[in-house]
Amino acid sequence: MILTNNDFKIDVTSEIGSLRTLLIHSPDSGLGKVVPSKAQDWLFEDIVHLDTMRKNEYDHYVKLLLYFLDPDKIKGKLQQIDNDEERAFFKPDNAGFHASNQVIEIQTLLADILQQEDIREKLVASVCAIESCNYRLQEQLINTDPVELAKIFISGSLNNEEMIFAPIPNLIFSRDIGIAVNNHMLLNKPAKKARFRETLLARYIFFNHPLFAAYSNNILEIPETAQHFLRPGEDNLEKTTLEGGDVMMVSPQHLIIGCSERTSISGANEAIKLLFDNDVVKKVTIVKIPHKRDYMHIDTVFTQIKRDTWVLLRSLAVADAPLEEQEPISWFADKKQKDRAEIVQFEKGEKPRLFGCIEDLLADISENDLQSGTKTNFIYSGNNTFPFDAREQWTDSCNLLAIKEGVVLGYDRNDKTVEAFKQNGFDVIRVNDLLQKFENGELDPQTMTDTLILMPSAELSRARGGFHCMSMPLLRDKVV
């Protein structure tokens, strides 16, 4: 059945307004087929245990989202859902699937558009072209049931067994395939071949699913630079790439774009031209961070949790110490330090503005864009204590999702960061306890304030992404 919602809207004007609608993708069987020899090619650092990741970790995320965004789907059913060994509630191809209009599963949208014969033929041809499939396989896929075909496109396997092309395990990081900017969708251009199929599927969904029909003119695709095909080599730094983890909608007229290991200066440049030409925003800030696996996207370095509060990695976010405070050796060091951010803000028709460090930029956003009225507060990864700052940033201590202002989701393994939240006045609760309180009526999701919700993370953290990565917000309340 095709997902429909007469009240559907795309409108995201901040990182912290109460979340109303988002796209996610639950871990699929393809994630359980990542092999060590191909893990890095498929952008994974480790081999995850799929059943643990699903039942003990990601399923809690889906349940929590439903309590906040679509409580009628889950309230009063928690015990039944938890006791079902088959997990039908979480499987988009199952009759018992939650099929929420607010917590939207990407696989459901893909299956919906594949019911259209012309779309199915075009998308099969496109996938087969980029995956180098033979003609007979292409014919077989065209004649496959749409629900099953959606699973094949994502998992890479026929009948859940025979692998015919690589899986796309990074689809769980749904933010990377697109970002809502006000009432527009900015689609990505991935840096790595392992994510090309994700982008193709996303384009077909956004341009062909009836849910997005009213926004067809608001879908923005970043073009390649002129004569890009003449660039030497495949890994040239001038490639036009942009991924959603490097894009943050921080206020109604202000977008941040990170230039990182995955988003190029050329990608940011083309995005800014596109956004300004279409009058989507008035201000874009580029934050260029070191091209290191540690800092894959800017949302691995900082995320916003309240209008006056951010969580971040301090070692990358502050200005260099004044020269007189440094040791003698600093006089002979390379003055262009590689492990620091470069920040330039562009406003249509105005002279570009420079910021000395990430903290200065974030304070300016809170105090001037969002009119917080208070001094900006920073909560540091690992409580700014070596070596926990770097260790916990690696396991996504800075990659938090604000489900509403001040109520954020993070991993339970980042103990020192949790201490920092407590010191800054936040309540801390484990998701299992919270879900039970919601079910029993002891707590109301809509009245919660200043809370860090701890999510189990033994397997999810191996995938190198937090809940900010695992969400594509489509609708948030405005921050007033």
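The values are calculated or read from the model by the stated rules, or taken from the named source; none is laboratory data. Source: prediction; values computed, not measured. Note: ideal-geometry Cβ built from the backbone for every residue, glycine included; neighbour counts use all protein chains shown. To get the accessible areas, we keep the full protein, side chains included, count just its heavy atoms, and leave off ligands, DNA and RNA. Shrake-Rupley method; radii C 1.70, N 1.55, O 1.52, S 1.80 Å.
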- request: Can you list which of the GluC sites (Glu not before Pro) found in segment 217-285 are DSSP loop residues with at most 16 other C-beta atoms within 10 Å?
  value: E224, E234, E238
message: Rg and Dmax in Å for segment 21-179, alpha carbons only: what are they?
response: 16.3, 50
message: Based on alpha-carbon centroids, what's the gap between segment 343-398 and segment 76-155 in Å, whole number please?
response: 39 Å
- prompt: Roughly how many debye, to the nearest 20, is the charge dipole of the chain about its Cα centre, given +1 on each Lys and Arg Cβ, -1 on each Asp and Glu Cβ, and no other charges?
  reply: 580 debye
message: Lone cysteines in the chain, defined as no other cysteine's Cβ under 4.7 Å from theirs: which are they?
response: C259, C357, C398, C469
task: Please go through segment 159-206 and write out the GluC sites (Glu not before Pro) that DSSP classes as loop and that have at most 12 other C-beta atoms within 10 Å.
output: E161
Per-selection metrics, segment 392-480 (Cα): Rg and Dmax in Å: 13.2, 37
field: Mean accessible surface per residue for segment 335-376, computed with a 1.4 Å probe while every protein chain stays in place, in Å²
entry: 64 Å²
field: Contact order normalised by residue count of the chain, Cα under 8 Å, 6+ apart, percent
entry: 22 percent
message: Considering only protein heavy atoms and a probe of 1.4 Å, how much of the accessible area of segment 1-156 is carbon and sulfur, as a whole percent?
response: 44 percent
- prompt: In segment 387-480, which GluC sites (Glu not before Pro) fall in coil by DSSP and have 12 or fewer other Cβ atoms within 10 Å?
  reply: E442
message: For W310, W42, give me the order by solvent-accessible area with a 1.4 Å probe, most accessible first, ignoring ligands, DNA and RNA.
response: W42, W310
- line: Residues whose modelled amide H sits under 5 Å from the amide H of S372, counting only those 5 or more places away in sequence or on another chain, are E367
message: If amide hydrogens are placed 1.01 Å from N in the peptide plane, which non-local residues have theirs closer than 5 Å to the one on R20?
response: L475, R476, D477
message: Strictly over 28 Å apart at the Cα level, which of K9/K33; K91/K404; K33/K73 would you flag in this model?
response: K9/K33; K33/K73
- request: Return the long-range amide H neighbours of C259 (sequence gap of 5 or more, or a different chain), with a cut-off of under 5 Å between placed amide H atoms.
  value: V287, K288, I289
- line: For segment 241-313, the percent of accessible surface on carbon and sulfur atoms (probe 1.4 angstrom, ligands and nucleic acids excluded) is 46 percent
- request: Read through the labelled values (i) 21.3; (ii) 24.0; (iii) 28.0 and report the label of the one computed as mean projected area of the Cα convex hull in nm² from the structure.
  value: (ii)
field: Probe 1.4 Å, protein heavy atoms only - accessible area per residue of segment 394-480 in square angstrom
entry: 36 Å²
- prompt: How much area per residue is accessible in segment 47-98 when the probe is 1.4 Å and only protein heavy atoms are counted (Å²)?
  reply: 47 Å²
Per-residue HN-Hα couplings for segment 368-379 [Karplus 6.51, -1.76, 1.60; θ = phi - 60°; Hz; x = Gly/Pro]: 9, 5, 9, 6, 5, x, 9, 5, 5, 10, 10, 9
